[in-house]
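All remarks here apply to the structure that follows.
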Amino acid sequence: MTDSSEKNGCGCVSVGMGITANCNLDCKHCYSRPLRGQSLSRDQIMKVVNNPNVASINFGTGESILHPDFNAVIDVCHANGIKLSLTSNGYSIMKLADEQLLKFNDLDISLDFTDVVKQNSFRNGESRSFVDRAIEKCRRLGVEFSITTAVMNVNYREIPLLMRKAAEENCNLRVNIFKPVPRAGIYEFQLNYEEFWAAVRLLFESGNLISCSEPIVNAILNIPPIVPRSPCGRNSLRIHPNGEVMPCVYWTESDIHVDELAGSFDAVFENAVFKKTGVIPAFCRTCEKVDVCGGGCASRRFLNNRLDQPDDYCPIFHEKALPQIKVTFCEEKKDLVHSSYLCTMIFEGK
């Protein structure tokens, strides 16, 4: 695929696009449930994918194949040289034709538990069947893919098993730290301080790091960041199925609509809502790690109503000893869409 930086000479913005909130499952931790039944129009989608400033797009939120124009959208993106990824519970990957999947830079398949019963129960459907069939298809086609996990207080101890599964399937393990979702009324799966650092320890003990854009982890473990501070809202944006444009998929405040997007997106990144992602708490401003951390994940702080306070998981703020966790890096350099456009960590199994 054409390198995204060469597209029309100026593509530089990463976009996360939820073209639909419709889904074939009803997962307990779903942040987009309140948007069910809503989808972007074809014209709205095409306005974005034909913008020469778009370098990459990840399709997610709902199952994108449930949008009637998804195949046409893929074709236009591919023709425009946009680097593509897709986050799916497996269903969209199963349903897309082989030649369409080969147009993606990489794919993400959601798996939260290695145990079939737990996985199906948590996602209220035959989730594991979709996962297994999607993995089989990716391996057959030779498409780069990751198992993607939302790390929660109910599954963080599963990390070694998930890492082993990724190693067995010869794929990556990408993890997002679960964030509270007020709009969906979901709080109960959030990690507390001890659970967060226990999860981070398990990740680095069982895997080699491909990339990390979780600012608090980069700062505390002295990992050179791909993008300093929180990446969201700086050169990336999210478009929800109802047309709201936000700095992060978990953000819940917007005063920009997809119909207003045009040109360079400069007005978006200068918007007051987007500027909030760059707020550095007063406590952090004199910290030696501020240039890497910037106060930690802005969305996590915003959702917990503490944007003006350091990241909940900051040991310096809590006056705790810094976690001593050994970091080993993956020898192979991988060009993955998710590496630098949201707070996430990507590993290969040891």
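The values are calculated or read from the model by the stated rules, or taken from the named source; none is laboratory data. Not measured: the values here are computed from a predicted model. So basically every Cβ, Gly included, is an ideal-geometry build from the backbone, and we count neighbours across all protein chains shown.
How many residues are in a helix (DSSP H, G or I) and surrounded by fewer than 17 Cβ atoms within 10 Å (Cβ to Cβ) when one looks only at region 274-288? Before you say what the answer is, go through the steps one by one.
Just the residues of region 274-288 that are in a helix (DSSP H, G or I), to begin with: 274-278, 282-284.
Remaining after also requiring surrounded by fewer than 17 Cβ atoms within 10 Å (Cβ to Cβ): 275, 278, 282-283.
Number satisfying all stated conditions: 4.
Looking only at region 74-109, which residues are of a type in the set (S, T, Y), in a strand (DSSP E or B) and touching a residue at least 60 places away in the same chain (Cβ under 8 Å)? Break it down stepwise before answering.
Of the residues in region 74-109, the ones of a type in the set (S, T, Y) are 85, 87-88, 91-92.
Then keep just the ones that are in a strand (DSSP E or B); that gives 85, 87-88.
The answer is S85, T87.
Residue-by-condition table, conditions (1) over 23 Å from Y187 (Cα atoms); (2) in contact with an Asp or Glu (Cβ under 7 Å, 6 or more places away or on another chain); (3) without any contact (Cβ under 8 Å) to a residue 24 or more places away in the chain; (4) buried (at least 20 other Cβ atoms within 10 Å of the Cβ):
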site: V290; (1), (2), (3), (4): yes, no, yes, no
site: F302; (1), (2), (3), (4): no, no, no, yes
site: Q309; (1), (2), (3), (4): no, no, no, no
site: H318; (1), (2), (3), (4): no, no, no, no
site: Q324; (1), (2), (3), (4): yes, no, yes, no
site: D335; (1), (2), (3), (4): yes, no, no, no
site: C343; (1), (2), (3), (4): no, yes, no, yes
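Specify the residue that is surrounded by the fewest Cβ atoms within 10 Å (Cβ to Cβ); the eligible residues are those in region 34-52 that are touching a Gly at 6+ places or on another chain (Cβ under 9 Å) and part of a helix (DSSP H, G or I).
So, considering only residues that are touching a Gly at 6+ places or on another chain (Cβ under 9 Å) and part of a helix (DSSP H, G or I), the one surrounded by the fewest Cβ atoms within 10 Å (Cβ to Cβ) is P34.
What pairs come up if the first residue lies in region 48-73 and is farther than 20 Å from D259 by Cβ and hydroxyl-bearing (S, T, Y), the second is surrounded by fewer than 23 Cβ atoms within 10 Å (Cβ to Cβ) and modelled with pLDDT of 95 or more, and their beta carbons are under 6 Å apart, counting only those six or more places apart or on different chains?
Close Cβ pairs (under 6 Å, with a partner that is surrounded by fewer than 23 Cβ atoms within 10 Å (Cβ to Cβ) and modelled with pLDDT of 95 or more) amount to S64/F70.
State all residues of region 143-165 that are surrounded by 21 or more Cβ atoms within 10 Å (Cβ to Cβ) and either at pLDDT below 95 or in a strand (DSSP E or B) (or both); if no residue qualifies, say none.
Listed by number, the residues that qualify are F145, S146, I147, T148, T149, V151.
Condition check ((1) of a type in the set (F, W, Y); (2) touching a Leu at 6+ places or on another chain (Cβ under 8 Å); (3) modelled with pLDDT of 95 or more) across all residues:
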{"site": "R133", "(1), (2), (3)": "no, no, yes"}
{"site": "A167", "(1), (2), (3)": "no, no, yes"}
{"site": "C171", "(1), (2), (3)": "no, no, yes"}
{"site": "K179", "(1), (2), (3)": "no, yes, no"}
{"site": "N192", "(1), (2), (3)": "no, no, yes"}
{"site": "V217", "(1), (2), (3)": "no, no, yes"}
{"site": "V227", "(1), (2), (3)": "no, no, no"}
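Under the condition of being among the basic types (K, R) and out of contact with any Cys (no Cβ under 7 Å at 6 or more places or on another chain), which residue from region 118-156 is nearest to G349 (Cα to Cα)?
Among those that are among the basic types (K, R) and out of contact with any Cys (no Cβ under 7 Å at 6 or more places or on another chain), it is R139.
Please list, ordered by first then second residue, the pairs with beta carbon atoms under 9 Å, 6 or more apart or interchain, first in region 218-236 and at positive phi and surrounded by fewer than 20 Cβ atoms within 10 Å (Cβ to Cβ), second part of a loop (DSSP other than H, G, I, E, B) and among the hydrophobic types (A, V, I, L, M, F, W, C).
N222/V327
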